[in-house]
Amino acid sequence: MSTLFIRPVQEQDDARLATIIRAAFLEFNAPTRNTVFEDPTTDRLSELFRAGNAVLWVAEQEDNILGCCGIYPTEGLPEHCAELVKFYLSASARGKGVGKALFSKCLESAIALNYKEIYLESLPQFVTAVGMYEKLGFQQLGHPLGNSGHTGCTIWMLKAL
């Protein structure tokens, strides 16, 4: 198997990442309204992640983009809390350790950026991902935190670092 590279997002990744993200919603029959599916920033992730205290990691193998995962200082989150965002993999990359590698890199980044907690939002249709988050130490909340604008999400989780 060839080497997996985890690197920061680049402008040329934008279209492929948007396709991977939206494909996951369609594959799992997840609602698209008021989610990242409709969010216009999904089409220009490299621009979005130029913000300070933010990073989007891209998994690449043999010049194929496999997915992404990022840390973002979403408006309205508690101090020292960032959101785990844009954690999506292509169907061919799932179950092969790519997600674990991306998550580990995000966790390292969050600690390096002095965050103390990581928050995320998800949907019941992504049941496998939610189970993974629970195994990684995320606890479910009964309400959203911050102002992500993704009011279609119905699962909210938090992890202390």
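Bear in mind these aren't lab numbers, they're just calculated from the coordinates by the rules spelled out. The shown structure was predicted, so the numbers you read here are calculated from the model rather than taken from an experiment. All Cβ positions, glycine included, derive from the backbone under ideal geometry; neighbour counts span all protein chains shown.
Summary of computed values
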quantity	calculated
Cβ charges +1 (Lys, Arg) and -1 (Asp, Glu), total dipole of region 1-157, debye	360
Ranked C69, C81, criterion: other C-beta atoms within 10 Å, fewest first	C81, C69
V85 long-range amide H proximity, modeled H, under 5 Å	G70, I71, Y72
Förster-model FRET efficiency, 41 Å R0, A51 and S2, C-beta, rounded to 0.05	0.80
Estimated inter-spin distance, E11 and T154, nm [label 7 Å along Cα→Cβ]	4.1
Span-like helix ranges in the chain, DSSP H, alpha carbon extent 18 angstrom or more, Kyte mean at least 1.0	none
Dipole of the chain, positive direction: furthest Cα of N147, G76, P124, with charges on the beta-carbon	P124
From phi via Karplus (6.51, -1.76, 1.60), per-residue ³J(HN,Hα) for region 56-66 in Hz, x at Gly/Pro	10, 9, 10, 9, 9, 8, 6, 6, 9, 7, 9
Least to most buried among Y88, Y115 (fewest other Cβ within 10 Å first)	Y115, Y88
Inter-probe distance in nm under a simple model that places probes 7 Å from Cα toward Cβ, at L113 and H80	1.7
Pairwise FRET efficiency - L161 versus F28, Cβ, R0 = 30 Å, nearest 0.05	0.60
Cβ-based exposure ranking for I118, I65, I6, in which fewest neighbours within 10 Å come first	I6, I65, I118
